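The values are calculated or read from the model by the stated rules, or taken from the named source; none is laboratory data. Computed from a predicted model, the values in this text were never measured in an experiment. Glycine also receives a Cβ, built like all others from the backbone with ideal geometry; neighbour counts cover every protein chain displayed. Surface accessibility is based on the protein's heavy atoms, side chains included, excluding ligands, DNA and RNA. Shrake-Rupley method; radii C 1.70, N 1.55, O 1.52, S 1.80 Å.
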Amino acid sequence: MVYSEECAIIFRVKGILEFSCQLDNPNGSQSQSIISKSFQGLRSKVSSKSIVFTVCNSPILIWPNTGFRSSMESLTEASSCGDILQYIESDDGGSKKSIKKKDKKRSGPTVVNMKLLFEVTDPAGNEAPSLIQMSTQQHFVKMPLHLDCVVSVTTDESLTFVCTELVETLRKQLADMEEVVLRYRKGSSFLVPQPFHFRLPEPAGLTTVIYPAGVPDSQLQAIREDLHRKFELPSDRPYLRRANAFHFPDAAYKDGYLRNPHVHLNPPNIEDAKLYLVQGVYSYHHYMQDRVDDDGWGCAYRSLQTICSWFQQQGYVETAVPTHTQIQQALVDVGDKEPRFVGSRQWIGSIEVQAVLNQLLGVTSKILFVSQGSELATKGRELANHFQTEGTPIMIGGGVLAHTILGVAWSENTGQIRFLILDPHYTGGEDLQTITDKGWCGWKGPEFWDQNAYYNLCLPQRPKTI
């Protein structure tokens, strides 16, 4: 989904509902209807007047099923979604509305986070408690359902519409969870259904899928195949593995690595040039990270780690990004290096990167060789084709240096070219402004390369899988 200024707000509501049911015979014919009845009770609860949305970092409470009622008198049925931003505090104390105006390079939409609550006080009735004595064995099932629903809208859409959509989305998510619970349960043993959001090509856009907890992606192949057909997705690359889940712009990555610093750059000014860029998400790996002092020898290792992170975050592999030691051991295992290589500070090049990708990830690569750096300016067509078809980061090694190529700006008519370079030689902290302003991630001309040195380029190929 491409988010424009006209479609710039995601409303996200999260909350926990407790599912419970009592089964006389978990394997009996009535068990399915009892489970469905419990889910129907939860859907009725979501549709009741007691449901309340509280907007995070604001004083706003909204009752969506009472014709639209808000704790803020200024927010009415006629209010637009953009009106709510002025009441939400950002991390620096300002409002989200003012931050959005100031930050011209902000990537992604504004996220309005909401919590799902329920009023617990009801008018007193005349009901009296009743006791029932059961003489047969009962199986009592209880589990939390973590609801997580999203609605993407334009800023001028009405709040009434959004609240109605959120309630309907909550009901649908409960129905999807019911389907997953029934499909994977074994007697009174239930798997917890978990929601995942995926950003799919238009017109699907931001889509939610429910997967059972504890079932690995490798066992959900048939489910993904059905979803690929439903959304008319290509059958040669993953879109719906857990690693493909949409990362909300307001959520920090827990591992501390920067993602996709190149998206904050302006494109180079080349007449008639087109951009051919890496597809998907990668982590920026560079010197001195992970408490490893590899300054002066580890640039190719770091470029390889960036490539591995791309395959991990696109859902092709579930293994962690390899350490320097694991990279060296892989080269020993394939017979490329002697055992004493492990623990050393010896350089590696593009051929070794190709071998490690194949050994650890099962990924094949093409090698592009140029006898001198001046020839790289003539490789626009090959590089453009790679980023169009494969979209993976490229490791390039020449002389004593290694870099990562993330894209090219290339004019087919004039042959002019610029290279989008991610430099693993950076030794500082994860400061995006320093990295982009100082050119550690930036556009470089053909003169960037040593004109007389030979270069090998490792072009990783996507596995054909979903």
Picking from A409, A355, the residue that is in contact with a Leu (Cβ under 7 Å, 6 or more places away or on another chain), within 22 Å of S283 (Cα to Cα) and free of Cβ contacts under 8 Å to residues at least 60 places away in the same chain would be A355
Name every residue in the stretch 251-265 that is open to solvent by less than 50 Å² (accessible area, probe 1.4 Å), more than 17 Å from P424 (Cβ to Cβ) and under 15 Å from the mean Cα position of the chain (by Cα), in order of residue number. A251
Within the stretch 402-433, count every residue that is under 15 Å from F387 (Cβ atoms) and among the aromatic types (F, W, Y). 2
Just name the residue that is farthest from L240 (Cα to Cα) out of those in the stretch 284-312 that are surrounded by fewer than 21 Cβ atoms within 10 Å (Cβ to Cβ) and touching a helix residue (DSSP H, G or I) at 6+ places or on another chain (Cβ under 7 Å). D294
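Table: residues versus (1) assigned to a strand (DSSP E or B); (2) of a type outside the set (V, I, T); (3) modelled with pLDDT of 90 or more.
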| site | (1), (2), (3) |
| --- | --- |
| I34 | no, no, yes |
| S48 | no, yes, yes |
| T54 | yes, no, yes |
| N65 | no, yes, yes |
| M72 | no, yes, yes |
| A78 | no, yes, no |
| Q86 | no, yes, yes |
Can you list residue pairs whose Cβ atoms sit under 6 Å apart, with the first residue in the stretch 306-320 being closer than 17 Å to N260 by Cβ and hydrophobic (A, V, I, L, M, F, W, C) and the second being assigned to a helix (DSSP H, G or I) and modelled with pLDDT of 95 or more? Count only pairs 6 or more apart in sequence or on different chains. F311/L361
Checking G28, G41 in turn, the sole residue that is without any contact (Cβ under 8 Å) to a residue 12 or more places away in the chain, assigned to a loop (DSSP other than H, G, I, E, B) and either hydrophobic (A, V, I, L, M, F, W, C) or open to solvent by less than 60 Å² (accessible area, probe 1.4 Å) (or both) turns out to be G28
Can you name every residue in the stretch 218-236 that is closer than 16 Å to E318 by Cβ, in contact (Cβ under 8 Å) with a residue 40 or more places away in the chain and either charged (D, E, K, R) or open to solvent by less than 30 Å² (accessible area, probe 1.4 Å) (or both)? R224
Tally, over the stretch 366-389, of residues that are assigned to a helix (DSSP H, G or I) and under 24 Å from V356 (Cβ atoms): 6
For residues in the stretch 237-256 being touching an Asp or Glu at 6+ places or on another chain (Cβ under 7 Å) and assigned to a loop (DSSP other than H, G, I, E, B), which is nearest to Q312 (Cα to Cα)? R241
So for the stretch 192-212 (the condition being modelled with pLDDT under 95, in contact with a helix residue (DSSP H, G or I) (Cβ under 7 Å, 6 or more places away or on another chain) and part of a loop (DSSP other than H, G, I, E, B)), does at least one residue qualify? no
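For the structure I just gave you, tell me whether R199 is among the charged types (D, E, K, R), more than 19 Å from P463 (Cα to Cα) and either open to solvent by less than 50 Å² (accessible area, probe 1.4 Å) or free of Cβ contacts under 8 Å to residues at least 24 places away in the same chain (or both).
No; evaluated as a whole, the condition is false for this residue.
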Looking for something in a helix (DSSP H, G or I) and more than 24 Å from R462 (Cβ to Cβ) - is there at least one such residue anywhere in the stretch 313-324? yes
Taking the condition of being free of Cβ contacts under 8 Å to residues at least 60 places away in the same chain and open to solvent by less than 40 Å² (accessible area, probe 1.4 Å), how many residues in the stretch 266-283 meet it? 1
Please go through the stretch 339-363 and pick out each residue that is in a loop (DSSP other than H, G, I, E, B) and not aliphatic (A, V, I, L, M). G343, S344, R345, Q346, W347, G349, G362
(1) open to solvent by 60 Å² or more (accessible area, probe 1.4 Å); (2) under 32 Å from the mean Cα position of the chain (by Cα): which one isn't true of E390, the others all being true? (1)
Just checking, how many residues over the stretch 357-378 are surrounded by 15 or more Cβ atoms within 10 Å (Cβ to Cβ), out of contact with any strand residue (DSSP E or B) (no Cβ under 7 Å at 6 or more places or on another chain) and closer than 28 Å to N452 by Cα? 2
Evaluate the following for D333: is it over 28 Å from the mean Cα position of the chain (by Cα) and open to solvent by 20 Å² or more (accessible area, probe 1.4 Å)? yes
